[in-house]
Amino acid sequence: MDSIRISSGIKRISINDDPGRVIEFNPSDVVFAERFYELVKDFEAKQEEFKARAESIDAQASEMDEFGLPANTGEKLAFVREVCTYMYEKIDYLFGAGASQKIFGEVLSLDMIGQFFEGITPFIRAARSEKVSKYGAAKGKRVMK
């Protein structure tokens, strides 16, 4: 029987060189690209909301508790937990259920989320720009003669 090979375009990325912590995605998949750009827009909108809430919480930090910590430390921690949980849900939406667990383990860290997006974005941009350039180069060419 005759056969053809079709490349799936799946990108496998290990986290911290750990073969047990691998995420897979297809940056050339239109659905993935739509979700990624939707996520970027959503993050930008949420960033303003989160910034305003953080500033409000910080403005109330002048009072100290009996341990010498800001009296609203619990509120600050709850807010950071909320932001991390939101981001992890979005990462799971984009990369598949359980991706945030593979990436971050049990740690809730805004810094780690930033590191993840700084590390993964170049892979996505490179694949998307390669796809777009292919379509531009194919302009005028016919698939079937």
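Worth a mention:
- Solvent accessible area, Å² - GLU89, 1.4 Å probe, full protein context: 120
- Between ALA127, ALA78, ALA99, the Gaussian network model of the chain with springs among Cα atoms under 10 angstrom shows the greatest mean-square fluctuation at ALA78.
- Largest-first ordering by accessible area, 1.4 Å probe, given options ASP58, ASP65: ASP58, ASP65
- Relative to the dominant Cα principal axis of the chain, helix 30-59 is inclined by about 10°.
- Here the simple spin-label model places points 7 Å from the Cα toward Cβ, and for VAL30 and SER7 these points are separated by 2.0 nm.
- Extension reserve of the ALA97-SER62 stretch, reckoned as 0.36 nm per residue once the Cα distance is removed: 8.6 nm
- Most to least accessible of VAL31, VAL40 (protein chains only, probe 1.4 Å): VAL31, VAL40
- Amide H contacts of ARG21: ILE15, each under 5 Å away and 5 or more positions distant or on a separate chain (H built 1.01 Å from N in the peptide plane; Pro and chain starts excluded).
- For region 100-113, Karplus couplings with θ = phi - 60° (6.51, -1.76, 1.60), whole Hz, Gly/Pro x: 5, 5, 5, 6, 10, x, 8, 7, 9, 8, 5, 4, 5, 4
The values are calculated or read from the model by the stated rules, or taken from the named source; none is laboratory data. Fair warning: this is a prediction, and the values are worked out from it, not measured in the lab. Every residue, glycine as well, gets a Cβ built from its backbone with ideal geometry; the counts of neighbours run over all protein chains shown. Ligands, DNA and RNA are excluded from the accessible area calculation, which covers all protein heavy atoms including side chains. Shrake-Rupley method; radii C 1.70, N 1.55, O 1.52, S 1.80 Å.
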